[in-house]
Number of protein chains: 4
Amino acid sequence: MSLNIAVLGAGRIGQVHAAAVASVPNANLVAVSDPVDAAAEMVSEQYGASIRTIADIHDATDVDGVIICTPTDTHADLIDLFARAGKAIFCEKPIDLDVARVQSSLEVVSENSTTLMVGFNRRFDPDFNALKTAIEEGRVGDVEMVTITSRDPGPPPYGYIERSGGIFRDMTIHDFDIARWLLDEEVESVFAAGSVLVDSGIGARGDFDSVNVIMKTSSGRQAAITNSRRAVYGYDQRIEVHGSSGAVSAQNQHEARIELADASGFHRPPLMNFFMNRYTAAYAAEIAAFVDAVESGTQPPTTGDDGLMALVLAEAAVRSTAEARAVNVAEILG
Amino acid sequence: MSLNIAVLGAGRIGQVHAAAVASVPNANLVAVSDPVDAAAEMVSEQYGASIRTIADIHDATDVDGVIICTPTDTHADLIDLFARAGKAIFCEKPIDLDVARVQSSLEVVSENSTTLMVGFNRRFDPDFNALKTAIEEGRVGDVEMVTITSRDPGPPPYGYIERSGGIFRDMTIHDFDIARWLLDEEVESVFAAGSVLVDSGIGARGDFDSVNVIMKTSSGRQAAITNSRRAVYGYDQRIEVHGSSGAVSAQNQHEARIELADASGFHRPPLMNFFMNRYTAAYAAEIAAFVDAVESGTQPPTTGDDGLMALVLAEAAVRSTAEARAVNVAEILG
Amino acid sequence: MSLNIAVLGAGRIGQVHAAAVASVPNANLVAVSDPVDAAAEMVSEQYGASIRTIADIHDATDVDGVIICTPTDTHADLIDLFARAGKAIFCEKPIDLDVARVQSSLEVVSENSTTLMVGFNRRFDPDFNALKTAIEEGRVGDVEMVTITSRDPGPPPYGYIERSGGIFRDMTIHDFDIARWLLDEEVESVFAAGSVLVDSGIGARGDFDSVNVIMKTSSGRQAAITNSRRAVYGYDQRIEVHGSSGAVSAQNQHEARIELADASGFHRPPLMNFFMNRYTAAYAAEIAAFVDAVESGTQPPTTGDDGLMALVLAEAAVRSTAEARAVNVAEILG
Amino acid sequence: MSLNIAVLGAGRIGQVHAAAVASVPNANLVAVSDPVDAAAEMVSEQYGASIRTIADIHDATDVDGVIICTPTDTHADLIDLFARAGKAIFCEKPIDLDVARVQSSLEVVSENSTTLMVGFNRRFDPDFNALKTAIEEGRVGDVEMVTITSRDPGPPPYGYIERSGGIFRDMTIHDFDIARWLLDEEVESVFAAGSVLVDSGIGARGDFDSVNVIMKTSSGRQAAITNSRRAVYGYDQRIEVHGSSGAVSAQNQHEARIELADASGFHRPPLMNFFMNRYTAAYAAEIAAFVDAVESGTQPPTTGDDGLMALVLAEAAVRSTAEARAVNVAEILG
């Protein structure tokens, strides 16, 4: 059996997912929708998908599932729409910037028993998976401390910053999800410190560009996250897990595995500079996991609840920076 | 414009090349030929290529080029056949185990002005390319010493050994080619030492499993190669180039970029264990380069002469082990 | 000229400093004092220092300076005593566990214009110095984020824990000092999270064994510290500084620079397991710097104020864990 | 008991050994001899050794052993002299540049049952020792291939080159010894290739500056050595041993364990640039081993035979370059 999929939104991330669908043997990209004709046409030509409206895709009998890559403020409505249409849904993170709105969508999904998978691509990175496997095999003993370093090569445009919901909801949200995945225990409290060190224009828009976060679970496990919107040496993505009988870390990916030695020392190339190159394998594995979950009728590895909880941690972080105190997750969930 | 390609031989390496053709935008896999029906059918189904005889492919007007992946002893005849048919040819190394036979095929290619590219996949590895680029940019100054470490995870079956022409023609041949590429100057003399340390069954078949080679060019540049048929930690593939103002090295690829620390120390995974995984990107880039060369009417990056010269070095190495002396390339070329 | 030095306290750290004095060309170890005869005799015999009482050393005209290695609760009194005696003073951290007591000692030092150097050995580590030099040379641009990982091989005995003043005053205090040194700007606020994950006996004594700290300066620079009382792979001591145009890190020291590869992967030895081995070179450089400061009449590189401020940060961290909020340094300094 | 030692020759290497003697608890440096007064005085003052003539040292009843650091052409005569005087002898490599002269000295040593240790400092390097220990523990299985990379930061003065006996007897001799140590089996044949790539002035003096060597033992084990008189990135000293169930390597030592990341990539400092810094610990351990051997009456770890055999391999390498063939060790030993 093969899953027929439509991609909603043919922008940068929509193209990534279309390519991912094409790489999965038991999935077909049958339709694409985008208000920008050129974008839809590009995907249509490259992958042989027909261009349709969202309404047509909703009504289509030849579409089993949709991948939502439209602007964030449309995600929740589209989830509601397609959940009621009985179609499997893969939605890019975040479901919505508002916790209550996310919760109401998850109810619709639940009522309609639809498959909803939220796009946390990093969980599917081969190196991060090898790290997770080492933990599951007991090679570090009990997890005690998770440390995540995540720095973008450079800040996005101001327009993106303004609509992003802020660095915690836009960028740290990936690290919140990774931390939950590796702590293997729900976070109880969040402390966050934000600074504007990279670009004062980001501060002028009410956002931070440099943050540190500490989280604690009920048993005392801790996670520390450090983020910056700019790392001149490339896309810095590292994870370290410290446990009772060992530690495991995942290293960065350089542009090439070469080292040059000269009179000034030893030199390696910068890091892969763009999230799509860095996480190419992860995006493909992510869509393959979605297709597998739908076809086997099992729970997808990243659920709507995962999307909700990462947003809740972001919300707690925002409040923590405003009030200079640790914020309990319970305060946000209400 | 798009190049129509037929794959001759649908075994392990034929399948690799079929996949590579599928990944190149301006190439189509139109036909496949293999005496084993199941093999041909597998490629046919996966890539939509029609199953044909070699004679049909020879006569076909819809085939612009062939990729020769048949047994070694058929390579030279197929090159002659398709060169005379005016089709572009990509041939897996080696062209033949006999220097004179290679030379006669190269004459046929030359008389018919056909494109012939010989499959030295390693030249197309992204890391080795980054190393070569660093040299070309002058970052090590004048090249003085090339050091190549190349060890297989484990020895091939005895049957393979018997037909292989011996370790120098079968395994070291890749390193001979890389050395020529990096020395950027023809080799003048070859010394080789061979031992049987891995498996006495290999020795019983008149072959070595562990060898070291030293080569010298006319200006005194040197290359050292070390080979083993068995490395328990995986597929060991390293290059180091020492020059007048620096050095550059290409490192191995591990199964994952993680490190585990425990009471006994720090542990990284073994190396990628199979040449097809290790060189996936190289195989794709190699076929892309073939297609580009044919379409642009330019010289392919690895020519028939490269195939000849690597074989000549192998021949010199064989003679060197027999006579315990440095053998001049001129003795082999006659 | 050569400086005559007495060591007060001939326990583990006293022996380290006695050896350091012996390694400095322009210093002599002339006297040692310890209530435990065997300890004093060992140092006396090894370095040819006479055994004396503290009162004798106080009165001695052949003693220019003292190195205080006695129990923490005697440090401040000894500083007062020897400051008034006009002798140069090197005191192991901390001066006292109480901020006000430290302040009163610093006043005595100031009134008597004595040289007081506080023992923050890590600042003198060759690798950390190379990191600091890179920052001073502008190679990372403006410092934005300092990240310090500091984990002991294993927890000290309960008796030590009970008298230590807690993990922040005993262990993190080194990292507080390193953070101040690298931020090059005073810390304004401190948030700390403490857990008991290693040994519940430590929790039973009112202490933590696993902590994370975030600090912020007035301009928004941040430092993050992660500590554990136990790392099974050795003494984990790493620093990372992220700046506007680069980043610099200092790596761990393994027992040997070898790597073993076998069927299960690649293996390096554990980290140097004991602070005295790890920081041998640092201890020698530290005492050399003390001697240089006294002989040249200049400010020592780690002053009484550095000792005070590190303790103030520890105090703020203690209060932060109790109140689950960021604590301003001004609250502690009063 | 404590061994009284005299150092013959107070030049650069003599000073290194004097410092080493001072660092060994059960050894005293009692005398020093050097025709250059200033050199002898420097060692005398720093370590409290009396300045004496070689004749006085020969007759002295308070001297148990000598360390010979005089010019190479005096080594053999001094060995003969002090062997007959019944004193223990540590002699810097080489004993002599002539194999027969070495053999006659070894006979004198044998007749007088004197302890003779030859200075192959690298065997005492902590990292190389850890590598050797891993082999002895069976962690690589049977040793098959030893690969040694040894490059000096820059060539010595022409005057040194002229008296050195050539690169094989002067520089490669260390690697010949390390290869013998790690192969754990005598070498049967040697092939060497020499080039002049670094400095034509070296070629004008009849020497090479860039060499590769392959050696084979009777069971087929192989060792490959690569040498250059110039590595702009520092003193390159690496060893790699490949075996039946694994491999082990020893890495280089950089000036500091830091890494800088900037827009052009990741940068580590050059290698330690001077053999005395690089091998400080090795020199101290070497003299400690000499003292231990004398005091315990056991065979020293590097014997006169080791000195002879390394020279024989050098001799074979010289002949190999002249005749472009593998030279059997038996041809040299006669």
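The values are calculated or read from the model by the stated rules, or taken from the named source; none is laboratory data. None of the values given here were measured: they were computed from a predicted structure. Note that we place each Cβ from the backbone using ideal geometry, even for glycine, and neighbour counts take in every protein chain shown.
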*Do you know which residues across segment B:130-151 are in a strand (DSSP E or B), more than 10 Å from every other protein chain (Cβ to nearest Cβ) and out of contact with any helix residue (DSSP H, G or I) (no Cβ under 9 Å at 6 or more places or on another chain)?*
none
_Show the residue pairs meeting these rules: Cβ distance below 9 Å; 6+ apart or different chains; first residue within segment C:86-109 and free of Cβ contacts under 8 Å to residues at least 24 places away in the same chain; second residue surrounded by fewer than 20 Cβ atoms within 10 Å (Cβ to Cβ)._
C:100/C:334
*Consider residue B:89 against the criteria (1) part of a helix (DSSP H, G or I); (2) in contact with a strand residue (DSSP E or B) (Cβ under 9 Å, 6 or more places away or on another chain): it satisfies all of them except one. Which criterion is unmet?*
(1)
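Give me the residue from segment C:244-259 that is at the interface with chain D (Cβ under 7 Å from one of its Cβ atoms) and among the polar types (S, T, N, Q) and, out of that set, farthest from residue B:263 (Cα to Cα). Even if it seems obvious, please write down each step before you answer.
Quick first cut of segment C:244-259, residues at the interface with chain D (Cβ under 7 Å from one of its Cβ atoms) only: C:245-251, C:253, C:256-259.
Subsequent filtering for residues that are among the polar types (S, T, N, Q) retains C:245, C:249, C:251, C:253.
Numbers: C:245: 37, C:249: 24, C:251: 18, C:253: 15 Å.
Residue satisfying both the conditions and the ranking: C:245.
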*Hey, residue A:262 more than 22 Å from residue A:14 (Cα to Cα), within 14 Å of chain B (Cβ to nearest Cβ) and of a type in the set (Asp, Glu) or not*: yes
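Can you confirm whether residue A:79 is more than 23 Å from residue A:275 (Cα to Cα) and among the β-branched types (Val, Ile, Thr)?
Details: more than 23 Å from residue A:275 (Cα to Cα): yes; among the β-branched types (Val, Ile, Thr): yes.
Yes, satisfied.
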*Got at least one residue in segment B:204-221 being more than 9 Å from chain D (Cβ to nearest Cβ), crowded, with 24+ Cβ neighbours inside 10 Å and farther than 21 Å from residue D:142 by Cβ?*
no
*Condition test on residue B:100, is it surrounded by fewer than 16 Cβ atoms within 10 Å (Cβ to Cβ), under 27 Å from residue B:316 (Cα atoms) and among the small types (Gly, Ala, Ser)?*
yes
*Selection within segment C:222-238 - touching a helix residue (DSSP H, G or I) at 6+ places or on another chain (Cβ under 8 Å), within 20 Å of residue C:154 (Cα to Cα) and within 12 Å of chain A (Cβ to nearest Cβ)*: C:225, C:227, C:229
*Can you name the condition, by its number, that residue A:242 falls short on among (1) in contact with a helix residue (DSSP H, G or I) (Cβ under 9 Å, 6 or more places away or on another chain); (2) touching a residue at least 12 places away in the same chain (Cβ under 8 Å)?*
(1)
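May I ask you to verify whether residue B:159 is on the phi > 0 side of the Ramachandran plot and either aromatic (Phe, Trp, Tyr) or surrounded by fewer than 21 Cβ atoms within 10 Å (Cβ to Cβ) (or both)? Explain how you work it out, then say what you get.
Working: on the phi > 0 side of the Ramachandran plot: no; either aromatic (Phe, Trp, Tyr) or surrounded by fewer than 21 Cβ atoms within 10 Å (Cβ to Cβ) (or both): yes.
No.
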*Would you point out the residue of segment D:107-129, among those that are under 18 Å from the mean Cα position of the chain (by Cα) and surrounded by fewer than 20 Cβ atoms within 10 Å (Cβ to Cβ), that is farthest from residue D:308 (Cα to Cα)?*
D:126
*Is it the case that segment A:19-37 has a residue that's farther than 30 Å from residue B:47 by Cβ and either polar (S, T, N, Q) or part of a helix (DSSP H, G or I) (or both)?*
yes
*asked:* If I ask for residues that are in contact with a strand residue (DSSP E or B) (Cβ under 8 Å, 6 or more places away or on another chain) and either more than 12 Å from residue D:307 (Cβ to Cβ) or among the β-branched types (Val, Ile, Thr) (or both), which ones from segment D:92-106 would you list?
replied: D:95
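Scanning segment B:252-304 for residues that are acidic (Asp, Glu) and assigned by TED's automatic domain parsing to the domain that holds residue B:231, which turns out nearest to residue A:138 (Cα to Cα)? If you could, list the steps in order and put the result at the bottom.
Here is the first cut: in segment B:252-304, the residues acidic (Asp, Glu) are B:255, B:259, B:262, B:286, B:292, B:295.
Among the residues that remain, those that are also assigned by TED's automatic domain parsing to the domain that holds residue B:231 are: B:255, B:259, B:262.
Numbers: B:255: 19, B:259: 14, B:262: 11 Å.
Here the residue is B:262.
When you look at residue D:182, is it among the aliphatic types (A, V, I, L, M), away from chain B (no Cβ under 14 Å) and under 30 Å from residue D:324 (Cβ atoms), yes or no?
It is true that residue D:182 is among the aliphatic types (A, V, I, L, M), away from chain B (no Cβ under 14 Å) and under 30 Å from residue D:324 (Cβ atoms).
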*Please give the number of the condition residue B:241 fails out of (1) farther than 21 Å from residue C:254 by Cβ; (2) at the interface with chain A (Cβ under 7 Å from one of its Cβ atoms); (3) β-branched (Val, Ile, Thr).*
(2)
*asked:* Out of everything in segment C:271-311 that is more than 14 Å from the chain's Cα centre (by Cα), surrounded by 18 or more Cβ atoms within 10 Å (Cβ to Cβ) and in a loop (DSSP other than H, G, I, E, B), what residue ends up being nearest to the other protein chains (Cβ to nearest Cβ)?
replied: C:272
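Working carefully through the options D:141, D:154, D:165, find the one that is of a type outside the set (D, E, K, R), within 27 Å of residue D:7 (Cα to Cα) and either touching a residue at least 60 places away in the same chain (Cβ under 8 Å) or crowded, with 21+ Cβ neighbours inside 10 Å (or both).
D:165
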*asked:* So, residue A:314, is that one buried (at least 20 other Cβ atoms within 10 Å of the Cβ), small (Gly, Ala, Ser) and either in the same structural domain as residue A:207 (by TED's automatic domain parsing) or closer than 19 Å to residue A:217 by Cβ (or both) or not?
replied: yes
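For every residue, the table says whether it meets (1) surrounded by fewer than 20 Cβ atoms within 10 Å (Cβ to Cβ); (2) modelled with pLDDT under 95; (3) part of a helix (DSSP H, G or I).
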| residue | (1), (2), (3) |
| --- | --- |
| D:40 | no, no, yes |
| D:46 | yes, yes, yes |
| D:61 | yes, no, no |
| D:83 | no, no, yes |
| D:105 | no, no, yes |
